Structure formats: C-alpha cells, structure tokens
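Chemist: This is the structure, below, for whatever I ask next.
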Amino acid sequence: MSGAGFGRRDMLKASAALGGLAGLSACATVPAARLTVFGRRASGKPWIAPMRMNVEEIVDVKCCIRPFRPKGPCLDAVPLGDTLVIHNYGHGGSGWSLSWGSAEIAVTKALSVLPREIAVIGCGIIGLTTAVVAQRAGLKVTIYARELFNRTRSVRANGSWTPDSRIALTDPAGPGFGDVWEQMARISWKAFRSYLGLPGKPVDFSDQYNLSNEPIVRREHPADPAVADSYATKGLPQQDSEFGHYADRIKDIIPQARNLEEGENPFPTKFARTASQMHFNFGSYGHLLMQEFYEAGGHYEMRDFHSPADFKALREKVVINCTGYAARELVRDNTIIPVRGQTGWLIPQPEAHYGFRYNDVSVLSKSDGVMIMNFPPNAGELYGVNDSTEIPDRADIEDGVRKVAPLFADPMWRA
Ligand SMILES: Cc1cc2nc3c(=O)[nH]c(=O)nc-3n(C[C@H](O)[C@H](O)[C@H](O)COP(=O)(O)OP(=O)(O)OC[C@H]3O[C@@H](n4cnc5c(N)ncnc54)[C@H](O)[C@@H]3O)c2cc1C
C-alpha cells in the first residue's frame, strides 16, 4: 500500500499531543499558531490526519463538461409565440457556486409577467436551485428534464466555491459583466450560509492547503505578446490572460489565503499557503434540495426536448431553460465551448477534513469521498478547452494518486 495509514498508534500520539497542548504552544521553538491547532507532533508540527492515497481505494472516476460561454452565462428572456423563455445556462466551472444568484436573476425576469406557474427545463444544480427560488417566490413549479439531479453532469463536478472559474472571457463579456457576476456571487454566498451546520453537512467549510517545496506566489495571468491570436480571431481562447477574474470584488466576505509560517505547516513540504474554503457535498445537498422542491409542491416530469418549439407545447407559458452544456444543441447556442474535466473519488476519509494542491494534483476530502483532480504541469485555464470527450480516464486519476502519495509516505507522519 502506498500512502500513510492512520492507526491506533497515531491516535494515541495525537491525544497525547492534545493533552500537552498548553505547554507546547508556549514552547520557544514553536511559533504561536494563528491556525486552530488541535495538537502537535513530537517534531513540533501541528497535528493533522494523513490521507490514505491508494489506487486500490478509487471507487469512481467521473468525467464532465463545463458549459463555458465567453460572454458569461446566458440569462436572456426571449418571447417564443405566447411563451416567454428565460435562459439560465452556460456557467462554465462556476455553476455550483453561482447557482443561487443566477436563479434569482432568472426568476426575477419570470416574475415580470406575473405567472402563477412556471416550467423549469433541467434538473442539474442550476435547474434545481431555480425551481426552489421560484417556489420561494410563490410560484407553482414543474421541472421537466431528461435526468433527475443524481444523473446530471452537475454531480460529476468537484463541488467547491469557485465562482470565477472559467466563467467568461474578459473582452467578449464586456465591462458590465463584473457587476452581474458580483450580484450572483454575493446572493449565492449568502444562500449557502443557510445550509451550513445541518445534519449531513450539505454545505461545509474546510482548510485548503497549497503545498510546495518552492516559494508559493499568487498566480498572475499576464498577456503573452508573442501570442497574436485570441478568441476574437480564432473563436477559442488562446491564452490564460483572456479569462476573466472577478474574485477580488468579493474579498470582503471570502476568507483569503495566507502563507503559513514555520511551525504552522502540518505537511512535510517547505512551503504551505492556506485558506478556508466552502464546498458542497453532493449526496446530502442534492437530497435536501430535492426534498425542499417536493415539499413545496413541486412536480417532476421526465421529458426530452428536441428544439425550442417543444417548449411551446408545455402548459406553462413561462419556461426557464437550465439545460447546461446541452443548450448548445437544444437552442443552437454555438458560443458554448466545452471544457472537459474529470474527478476521481476515493472512499470517504472523515478523519482528514481538509483539501490540498500538490504536484499539480487537487485533493478534497468531502463527506461523499476524497475527490482527486490531476493536471499536467503548469496547466492553466486552457486545459480541457474545446474537448467534449466524456469518457472517464482512470489511468489519469491513478497517476494523480501516485503523484501525491509520496507526501504521506514522509517519515514526518510517524514522528
Ligand atoms: C470537472 C469539473 C469540476 C467542476 N467543479 C466545480 C466546482 O468546484 N464549483 C463550481 O461551482 N462548479 C464546478 N463545475 C462546473 C459545474 O459543474 C457546472 O457549471 C454545472 O454543473 C452546470 O449545471 P447545469 O445545471 O447548468 O447543467 P447540468 O448539470 O448538465 O444539468 C442540465 C439538466 O438539463 C437536462 N437536459 C439537458 N438537455 C435536455 C433536453 N434536451 N431535454 C430535457 N432535459 C435536458 C439534463 O437532463 C439535466 O437535468 C465543474 C465542472 C467540471 C466539469
């Protein structure tokens, strides 16, 4: 087995460390931690549970496409005969994060024609939150979709608070998009807070560590003047600098990252940077949203739509279209660019409640399982762009597990 196990001996050491916490924190060789430290190893390092990184414990590999729209999500309201269609699709790598705010904008547009009932097409994270927001506004809602939540692309994602991940390209989105993005992000952040601290932890926070043996610097995205082409000339982004970043607009409410000082880093790497990050546990969160939808009188009907003309056949005369990447074909929106990504899942390790990035691999321990994403060296925003292959690649996830396993094989974990 590769990776360090967490046995009875470690637990005894940890509890011994807990008992001696007061004395140790006063020790001259260990700087006072600004993190919550539950104990220290004999070496003085803060105690944290190691993760088991074994390819034998991979239980799933899920592949998915981010519905990326260079202009940002489509929220247009379009009359179609006597039906008003409001779009709510194209959230790139930020659909989970922006769902509530985007739903609020779409439902507000629906309310402008004073409907009593509406149809929501799609039951991914965007459709489901849109349906719940509409119900909270007093509307009767039917969700029509090919698949219920548990089978949608949404549950093949990572599920972290990443509100400006591949959400738009700066130029096509234009200067006004920042305000719309900020509105979506702030509404969503507030909405998620009401799901914290519930049984099953539908929404949770954990510490995320960026680990390296080289000094960690904030990644900048300067334009490379040698790259002459751009989205404008090629119809596809050509370099990272074209992607819009808006996170600084909500710095006042989001925990910010900071470098750990010596004596604060629980890992065997020379450098570590950390921040608290919100994440979503698909099982309990999806279950809770579906329950809320049904308890508020919602109906679900399995149905396949082949063109917007099919919307006109619905009883409801206000339709919110939340079909994600499938909108490219359904409403012929060729501006949607597929951005492939995949996640691997190890069995849950609740004792290790954190995530990290090391050696170009992202790992996040959630109640659903330990999520792994493997990236090529220096992969940026262009990774996966224009790739619509949805075939899972287990070898890539195994490679990711092997890339981070040495971190937990370090003798430090047994000291
Ligand atoms: C690898 C990866 C990691 C990601 N990580 C994150 C993350 O950490 N944080 C984050 O915020 N976002 C993340 N995302 C992005 C996020 O997953 C998407 O933005 C989001 O899932 C889009 O949701 P959706 O509801 O629009 O689409 P979908 O989940 O695809 O749902 C579409 C719904 O529409 C229905 N439908 C489609 N076409 C039709 C039709 N013709 N007729 C009837 N029904 C139809 C489907 O059945 C489904 O119910 C990630 C994406 C990927 C690929």
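The values are calculated or read from the model by the stated rules, or taken from the named source; none is laboratory data. This structure is a prediction, so every number in the text was calculated from the model and none was measured. Glycine gets a Cβ as well: all are built from the backbone with ideal geometry, and neighbour counts include every protein chain shown. Calculation scope for accessible area: heavy atoms of the full protein, side chains included, ligands and nucleic acids excluded. Shrake-Rupley method; radii C 1.70, N 1.55, O 1.52, S 1.80 Å.
Chemist: Being under 15 Å from CYS123 (Cβ atoms), buried (at least 19 other Cβ atoms within 10 Å of the Cβ) and within 11 Å of the ligand (Cβ to nearest atom): is that true of PHE311 here?
Modeler: So PHE311 fails the test.
To keep it simple, each residue is scored yes or no on (1) closer than 19 Å to VAL339 by Cα; (2) within 13 Å of the ligand (Cβ to nearest atom); (3) in a loop (DSSP other than H, G, I, E, B).
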{"residue": "SER154", "(1), (2), (3)": "yes, yes, no"}
{"residue": "SER165", "(1), (2), (3)": "yes, yes, yes"}
{"residue": "VAL180", "(1), (2), (3)": "no, no, no"}
{"residue": "GLN183", "(1), (2), (3)": "no, no, no"}
{"residue": "ILE187", "(1), (2), (3)": "no, no, no"}
{"residue": "LYS201", "(1), (2), (3)": "no, no, yes"}
{"residue": "PHE205", "(1), (2), (3)": "no, no, no"}
{"residue": "ASN210", "(1), (2), (3)": "no, no, no"}
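Chemist: While we're on this one: For the range 374-398, name all the residues that are more than 16 Å from the ligand (Cβ to nearest atom) and surrounded by 14 or more Cβ atoms within 10 Å (Cβ to Cβ). Talk me through it step by step, then tell me what you get.
Modeler: Residues of the range 374-398 that are more than 16 Å from the ligand (Cβ to nearest atom), as a first pass: 377-378, 395, 398.
Within the range 374-398, GLU398 is the sole residue that qualifies.
Chemist: With the structure loaded, tell me whether ILE336 is within 12 Å of the ligand (Cβ to nearest atom), among the β-branched types (Val, Ile, Thr) and within 19 Å of VAL55 (Cβ to Cβ) or whether it fails that test.
Modeler: Values: within 12 Å of the ligand (Cβ to nearest atom): yes; among the β-branched types (Val, Ile, Thr): yes; within 19 Å of VAL55 (Cβ to Cβ): no.
Answer is no for this residue.
Chemist: The conditions are (1) over 20 Å from ARG328 (Cβ atoms); (2) within 14 Å of the ligand (Cβ to nearest atom); (3) not aliphatic (A, V, I, L, M), and GLY93 fails exactly one of them. Which is it?
Modeler: Against the list (1) over 20 Å from ARG328 (Cβ atoms); (2) within 14 Å of the ligand (Cβ to nearest atom); (3) not aliphatic (A, V, I, L, M), GLY93 comes up short only on (1).
Chemist: Hey, another quick one. Can you name every residue in the range 66-90 that is within 11 Å of the ligand (Cβ to nearest atom) and without any contact (Cβ under 8 Å) to a residue 60 or more places away in the chain?
Modeler: The initial filter retains those residues of the range 66-90 that are within 11 Å of the ligand (Cβ to nearest atom), namely 66-69, 73-74, 87-90.
Across the range 66-90, there are no qualifying residues.
Chemist: How many of the residues in the range 343-373 are over 24 Å from LYS270 (Cβ atoms), hydrophobic (A, V, I, L, M, F, W, C) and either in contact with a His (Cβ under 8 Å, 6 or more places away or on another chain) or open to solvent by less than 20 Å² (accessible area, probe 1.4 Å) (or both)?
Modeler: Of the residues in the range 343-373, 4 are over 24 Å from LYS270 (Cβ atoms), hydrophobic (A, V, I, L, M, F, W, C) and either in contact with a His (Cβ under 8 Å, 6 or more places away or on another chain) or open to solvent by less than 20 Å² (accessible area, probe 1.4 Å) (or both).
Chemist: Another question, then. Given the criteria within 23 Å of the chain's Cα centre (by Cα), of a type in the set (Lys, Arg) and assigned to a strand (DSSP E or B), does ARG273 qualify? First the steps, then the outcome.
Modeler: Numbers: within 23 Å of the chain's Cα centre (by Cα): yes; of a type in the set (Lys, Arg): yes; assigned to a strand (DSSP E or B): yes.
Taking the combined requirement at face value, the residue satisfies it.
Chemist: OK, next. It is to be established whether one or more residues within the range 239-247 are open to solvent by 50 Å² or more (accessible area, probe 1.4 Å), within 30 Å of GLY369 (Cβ to Cβ), touching a residue at least 40 places away in the same chain (Cβ under 8 Å) and within 14 Å of the ligand (Cβ to nearest atom). Please lay out each step first, then the result.
Modeler: Taking the range 239-247 and keeping what is open to solvent by 50 Å² or more (accessible area, probe 1.4 Å), we get 245.
From what's left, within 30 Å of GLY369 (Cβ to Cβ): 245.
Now narrow it down to the ones that are touching a residue at least 40 places away in the same chain (Cβ under 8 Å): 245.
Imposing the further condition that a residue be within 14 Å of the ligand (Cβ to nearest atom) reduces the set to none.
No - not one qualifying residue is present in the range 239-247.
Chemist: Does ARG219 meet the test of being within 30 Å of SER367 (Cα to Cα), exposed (fewer than 12 other Cβ atoms within 10 Å of the Cβ) and either free of Cβ contacts under 8 Å to residues at least 24 places away in the same chain or not hydroxyl-bearing (Ser, Thr, Tyr) (or both)?
Modeler: Numbers: within 30 Å of SER367 (Cα to Cα): yes; exposed (fewer than 12 other Cβ atoms within 10 Å of the Cβ): yes; either free of Cβ contacts under 8 Å to residues at least 24 places away in the same chain or not hydroxyl-bearing (Ser, Thr, Tyr) (or both): yes.
So ARG219 passes the test.
This table checks each residue for (1) under 19 Å from the mean Cα position of the chain (by Cα); (2) more than 15 Å from LYS62 (Cβ to Cβ); (3) part of a loop (DSSP other than H, G, I, E, B).
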site	(1), (2), (3)
GLY344	yes, no, no
PRO348	yes, yes, yes
PRO377	no, yes, yes
TYR383	yes, yes, yes
ASP399	no, yes, no
VAL404	no, yes, no
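Chemist: Please specify each residue of the range 110-143 satisfying the condition of being part of a helix (DSSP H, G or I) and over 26 Å from the mean Cα position of the chain (by Cα).
Modeler: Initial filter on the range 110-143 (part of a helix (DSSP H, G or I)): 110-111, 125-136.
Hits for the range 110-143 are ALA110, LEU111.
Chemist: Only residues in the range 277-299 that are farther than 30 Å from ASP207 by Cβ count as the first member; pair them with residues that are outside any helix (DSSP H, G or I), Cβ under 7 angstrom, at least 6 apart or cross-chain, and list the lot.
Modeler: GLY297/LYS140; GLY298/VAL141; GLY298/ILE143; HIS299/THR142
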